Amino acid sequence: MSSTSGSTDAAAPVRPATVAAYLDHLAVAKGYAPATIAAYGEDLLQFEAYLARSGLTLARPGEVTRVEARGFLAELHRRREAKTSMGRKLSALRGFYVFMRQKKLAAADPLSGLKNPKPEKRQPRALNVDEAVALVSPKAASPHADGSIASCRDLALAELLYGSGLRVSEAVGLDVNDVDLSQGIVRVLGKGSKERLAPVSDAARKRLREYSMRRGELVTAPAEQAFFLGARGGRLDRRQAARILDAMAREAGIAQHTHPHMLRHSFATHLLESGADLRSVQELLGHERLSTTQRYTHLELARIMRVYDKAHPRSDESKS
């Protein structure tokens, strides 16, 4: 989630007890995902490092004023931090101060009146259909065509990400009991601990069944319930999954850096290009708001305009 985060001070700050209590609150009372809690923890420590220059600390949150909050935001701008990252840092600080006020450790919120920077209007990148198919269909000379258990797992993961549009955290978070190949569905725990059932494509179903039959080759602890396992027998993590997908993309001759979320974008884009309605895609992606899914309509509109420009007799481009 963090794009250009990093400490604001050379020495790593010590996490105050107030921050630790807030992060525990997010985990226990709010049910936030571990990755979100970790990102918020990094954000608060970055602010803690900034405060240390003035002899302040989040251990005494009531002493922090709007001056420090504004100064921190100005520093993020100077460092050219991504606006989405800045927004998340401010959200982490706002949540922290809501919690501090509830605990009567701060009388006011120094973030009051500070607005999040307007995010850049970046459209999600997607592979085209040929690239997506090439990624999940390794050539004979590819390392992912060697029949090993690792290649079997990797292909199952890639097919699932592209065929069902899962977030990578959702895919690696699957347990064995969440995968129902007889029904062709997986039970997914999405953002905000919301559960949904995601259909599995025929191609993914085949790959998942092949991997499921061989999953025992990776198991080191019989009690391990994770569906996707790493080389040491534990749950495959998001970074490992990202490295796997990027390696598969290079083997497929895809020039651009490919990360797991691009397969989710590709899933949505290709469905819309094939005529799927927006609300159905919203449900498949597990988006709470339709506006989140509507980002993909811009991609579809751009494609339609390119076709128009090339084909319509009254288009300037068609005459060239």
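The values are calculated or read from the model by the stated rules, or taken from the named source; none is laboratory data. Values in this document were obtained by computation on a predicted structure and should not be read as measured data. Methodologically, a virtual Cβ is constructed for each residue, glycine included, from the backbone with ideal geometry; neighbour enumeration extends over all protein chains shown.
Taking the stretch 206-244 as the region of interest, how many residues are of a type outside the set (D, E, K, R) and either within 25 Å of SER182 (Cβ to Cβ) or in contact with a Pro (Cβ under 8 Å, 6 or more places away or on another chain) (or both)?
The qualifying residues number 17.
Test VAL133 against the criterion of being among the β-branched types (Val, Ile, Thr), outside any loop (DSSP other than H, G, I, E, B) and under 20 Å from ARG250 (Cα atoms), and give yes or no.
yes
Test of understanding: among LYS103, LYS139, which residue is surrounded by fewer than 14 Cβ atoms within 10 Å (Cβ to Cβ) and farther than 23 Å from THR258 by Cβ?
LYS103
Tell me, which residue of the stretch 271-283 that is at pLDDT 75 or above and buried (at least 18 other Cβ atoms within 10 Å of the Cβ) is nearest to ALA140 (Cα to Cα)?
LEU271
Filter the stretch 69-88 for residues that are more than 25 Å from TYR32 (Cβ to Cβ) and either touching a His at 6+ places or on another chain (Cβ under 9 Å) or in a helix (DSSP H, G or I) (or both) and give the result. Full working, then the answer.
From the stretch 69-88, those more than 25 Å from TYR32 (Cβ to Cβ) are 70-71, 74-75, 77-80; that's our starting set.
Those that are more than 25 Å from TYR32 (Cβ to Cβ) and either touching a His at 6+ places or on another chain (Cβ under 9 Å) or in a helix (DSSP H, G or I) (or both): ARG70, GLY71, ALA74, GLU75, HIS77, ARG78.
Within the group SER54, SER91, which residue is closer than 19 Å to ALA106 by Cβ, out of contact with any Pro (no Cβ under 9 Å at 6 or more places or on another chain), polar (S, T, N, Q) and outside any helix (DSSP H, G or I)?
SER54 is the lone residue from the list that is closer than 19 Å to ALA106 by Cβ, out of contact with any Pro (no Cβ under 9 Å at 6 or more places or on another chain), polar (S, T, N, Q) and outside any helix (DSSP H, G or I).
What are the residues in the stretch 51-87 that are buried (at least 19 other Cβ atoms within 10 Å of the Cβ) and among the hydrophobic types (A, V, I, L, M, F, W, C), if any?
Matches in the stretch 51-87: LEU51, LEU58, VAL64, ALA69, PHE72, LEU73, LEU76, MET86.
Can you name the number of the only condition in (1) assigned to a loop (DSSP other than H, G, I, E, B); (2) under 19 Å from the mean Cα position of the chain (by Cα); (3) acidic (Asp, Glu) that ASP246 fails?
Looking at each condition in turn, ASP246 falls short on (1).
So, in the stretch 61-83, how many residues would count as being charged (D, E, K, R) and over 15 Å from ASP109 (Cβ atoms)? So that I can check it myself, show each step before the final result.
Of the stretch 61-83, the ones charged (D, E, K, R) are 63, 66, 68, 70, 75, 78-81, 83.
Filter once more, keeping what is over 15 Å from ASP109 (Cβ atoms): 75, 78-81, 83.
Adding up the residues that qualify gives 6.
Could you check the stretch 110-130 and list, in sequence order, the residues that are aliphatic (A, V, I, L, M), surrounded by 15 or more Cβ atoms within 10 Å (Cβ to Cβ) and at pLDDT 85 or above?
Result: LEU111, LEU114, LEU127.
Which condition number does GLY216 fail, the rest of (1) outside any loop (DSSP other than H, G, I, E, B); (2) small (Gly, Ala, Ser); (3) assigned by TED's automatic domain parsing to the domain that holds ALA158; (4) touching a residue at least 12 places away in the same chain (Cβ under 8 Å) being met?
For GLY216, the failing item is (4).
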